[in-house]
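First the structure, in the form of C-alpha cells, and then the observations on it.
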Amino acid sequence: MTATDPDGATVARLRAAGCVFAEDEARLLVEAARTPEELHELARRRVLGEPLEVILGWAEFCGLRIVVEPGVFVPRQRTTYLVEQAVAVARPGAVVVDLCCGTGAIGAAVAARVPGVRLHACDVEPASVRCARRNLEPIGGHVHEGDLYAALPAALRGAVDVLVVNAPYVPTDEIAMMPPEAREHEPLVALDGGVDGVEVHRRVAEGAARWLAPGGRLLIETGEGQAAWTAAAMSAHGLVATTSTSDEWYCTVAVGRRMDGLRPPAEDHPFRQRTRPGSPTQPST
C-alpha cells in the first residue's frame with residue numbers, strides 16, 4: 001500500500017520550498033510512503049533540506065539503484081562521465097579500485113558494465129564503508145576502511161588496472177556556498193578539497209604509480225578550472241596525463257597512465273595468483 005497526493009499538496013509544499021524538480025520528487029515520495037501521515041513526514045524532511053536520496057534510502061545512478069544512508073556523500077549524476085571514462089579503459093577481468101568510494105556507486109557502475117572485474121573500494125568514513133559494503137559485497141566487491149592507499153591490501157600494490165577516484169575538489173572557502181543539503185548532511189571530508197580544491201588529488205597522484213599495474217590508469221573527477229592542476233600532479237609523479245570534459249554531463253576527468261612497460265604475467269603477481277580470472281561481479285539492475 002502506498003499513499004496518494006490527489007490534491008497536489010506535496011508538490012505545492014516542495015515547490016514553495018524551492019525544489020526545482022518538485023513534481024518528480026513528490027512522485028517518488030508518494031511511492032515511498034505507505035500512509036498519508038508518512039508522506040507528510042517525508043515531505044517535511046525534504047522541505048527542511050534533507051537530501052531526497054537519504055529520505056528514500058537510494059539513488060538512481062547509471063541505471064542502478066544505489067543504497068544511500070544518512071551521513072554519506074550522495075552520488076551525483078555528473079559522475080556518470082567518470083564511469084564512462086573508466087569503462088572505456090577497463091577490460092574484462094580488470095582489477096578496479098574505487099578510491100574515496102562513498103556509497104560505492106562508481107565501482108558498482110563499472111562492474112555492471114565490464115564483465116568479471118575484480119573490484120575493491122575504500123573510504124576513510126566509517127558510515128561510507130558500511131554503506132558501500134551494502135552496495136558492493138553482494139556483487140563480489142571488497143570494501144576497506146582507511147585513508148587512501150593505507151586502506152588497501154598490500155597484495156594490490158602494482159596490480160591495479162583502473163584506479164577511479166571521486167575525491168573532494170571543492171575549495172575550502174567555497175564550502176559555505178554549497179547547497180544546505182550537501183554541507184549540512186554530507187561529511188565534510190567528502191566535500192573539502194583544501195585551499196585550491198586539489199589537495200586530495202595531489203595525495204592520490206603521489207602514490208598512484210606504486211599501485212597501478214604497468215599500463216594502468218588513474219582517473220580523477222575534477223573541476224574544469226582545476227583540471228590542469230590535477231593533471232600536473234599526475235605528471236609530477238610519473239604518469240602520462242590527459243584531461244577531457246563532457247558538456248553533456250558538465251564533468252571533467254583527468255587521466256594518468258603508467259607507461260613503464262607491459263603487464264607482468266598472471267603468475268608473477270601474488271594477487272593474480274590468488275584471484276580466479278573472470279569471476280563474475282556484475283550486479284543485477
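Please identify the pairs in which a residue from the stretch 220-231 that is without any contact (Cβ under 8 Å) to a residue 12 or more places away in the chain has its Cβ atom under 7 Å from the Cβ atom of a residue that is open to solvent by 10 Å² or more (accessible area, probe 1.4 Å), counting only partners at least 6 apart or on another chain. Final answer for the pair search is none. I'm trying to understand the selection: among the residues of the stretch 40-79, which are crowded, with 20+ Cβ neighbours inside 10 Å, under 16 Å from the mean Cα position of the chain (by Cα) and part of a helix (DSSP H, G or I)? Passing the criteria: Glu53, Val54, Thr79.
The set of residues in the stretch 150-161 that are open to solvent by 30 Å² or more (accessible area, probe 1.4 Å) and assigned to a helix (DSSP H, G or I) comprises Ala150, Ala154. Looking only at the stretch 162-189, residues that are buried (at least 22 other Cβ atoms within 10 Å of the Cβ) and not in a loop (DSSP other than H, G, I, E, B) come to 4 in all.
For Ala32, indicate whether it is open to solvent by 40 Å² or more (accessible area, probe 1.4 Å), of a type in the set (A, V, I, L, M) and under 30 Å from Val143 (Cα atoms).
yes
Just give me the residues in the stretch 1-23 being part of a helix (DSSP H, G or I) and open to solvent by 80 Å² or more (accessible area, probe 1.4 Å), in sequence order.
Correct list: Arg15, Ala16, Glu23.
If the condition is being within 12 Å of Thr230 (Cβ to Cβ) and either in contact with a Pro (Cβ under 6 Å, 6 or more places away or on another chain) or open to solvent by 20 Å² or more (accessible area, probe 1.4 Å) (or both), then the stretch 199-219 contributes Glu199, Val200, Arg202, Arg203.
Of the candidates Ser244, Ser235, the single residue that is polar (S, T, N, Q) and either within 17 Å of the chain's Cα centre (by Cα) or in a helix (DSSP H, G or I) (or both) is Ser235.
Counting only residues that are open to solvent by 40 Å² or more (accessible area, probe 1.4 Å) and either within 8 Å of Thr103 (Cα to Cα) or of a type in the set (Gly, Ala, Ser) (or both), the stretch 134-144 holds 0 of them.
With respect to Ala154, is the statement that it is over 22 Å from Ala132 (Cα atoms) and out of contact with any Cys (no Cβ under 9 Å at 6 or more places or on another chain) true? No.
Residues in the stretch 131-147 that are closer than 14 Å to Trp211 by Cβ and under 14 Å from the mean Cα position of the chain (by Cα): there are none. A count restricted to the stretch 98-125 and to residues that are closer than 18 Å to Pro153 by Cβ, surrounded by fewer than 24 Cβ atoms within 10 Å (Cβ to Cβ) and acidic (Asp, Glu) stands at 0. In the condition set (1) open to solvent by 20 Å² or more (accessible area, probe 1.4 Å); (2) more than 10 Å from the chain's Cα centre (by Cα); (3) over 22 Å from Arg257 (Cβ atoms); (4) not aliphatic (A, V, I, L, M), Ser128 is compliant with all but (1).
The values are calculated or read from the model by the stated rules, or taken from the named source; none is laboratory data. Since the model is a prediction, treat every value here as computed from it, not as a measurement. No Cβ is skipped: glycine too gets one built from the backbone with ideal geometry, and neighbour counts run over all protein chains shown. The protein model used for the area step is the full one, side chains on, heavy atoms only, and it has no ligands, DNA or RNA in it. Shrake-Rupley method; radii C 1.70, N 1.55, O 1.52, S 1.80 Å.
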